[in-house]
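Student: I have a structure I would like to understand better, so I am pasting it below and will then ask my questions one at a time.
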Amino acid sequence: MTSQPLPRASAAIGSPIPSTFPIDDLRASGDISMPKNSRGPYEYSADYTDNSFRITATYNGPPASGVPKMFTIDESMNLREGQ
């Protein structure tokens, strides 16, 4: 997973992405190119509140050595493998 699309999208709209900014609008405008909910063998989900978020990537591909089954990133940009 790359962490580049959302910072680029944030720069494109001139400010941090607000929690209410529809991700589908970023896709439609071409500011991000990630297909909805998946990219390669990973499927993505998001959990958020007014003050925090967590994006979870779950690997659904064939067994592969050294490939994390799941990882998360939060509003502090802390990347964690596993739950």
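Every read-out reported here was derived from the displayed coordinates using simple, explicitly stated rules and does not represent laboratory data. Since the model is a prediction, treat every value here as computed from it, not as a measurement. Note that each Cβ is placed from the backbone with ideal geometry, even for glycine, and that neighbours are counted across all protein chains shown.
Student: So how far apart, in nm, are the two label points at S33 and R80 if each is 7 Å from Cα heading toward Cβ?
Tutor: 3.2 nm
Student: Now, a different point. May I have the convex hull volume per residue, in Å³, for the Cα set of region 35-83?
Tutor: In region 35-83, the Cα hull volume divided by residue count equals 79 Å³.
Student: Which residues' amide hydrogens lie under 5 Å from the amide hydrogen of I32, considering only partners 5 or more residues apart or on another chain, with H built in the peptide plane?
Tutor: The list, which skips near neighbours in sequence, is R27.
Student: So, in nm, how far is label A46 from label A64 when the simple model puts each one 7 Å beyond its Cα toward the Cβ?
Tutor: 2.4 nm
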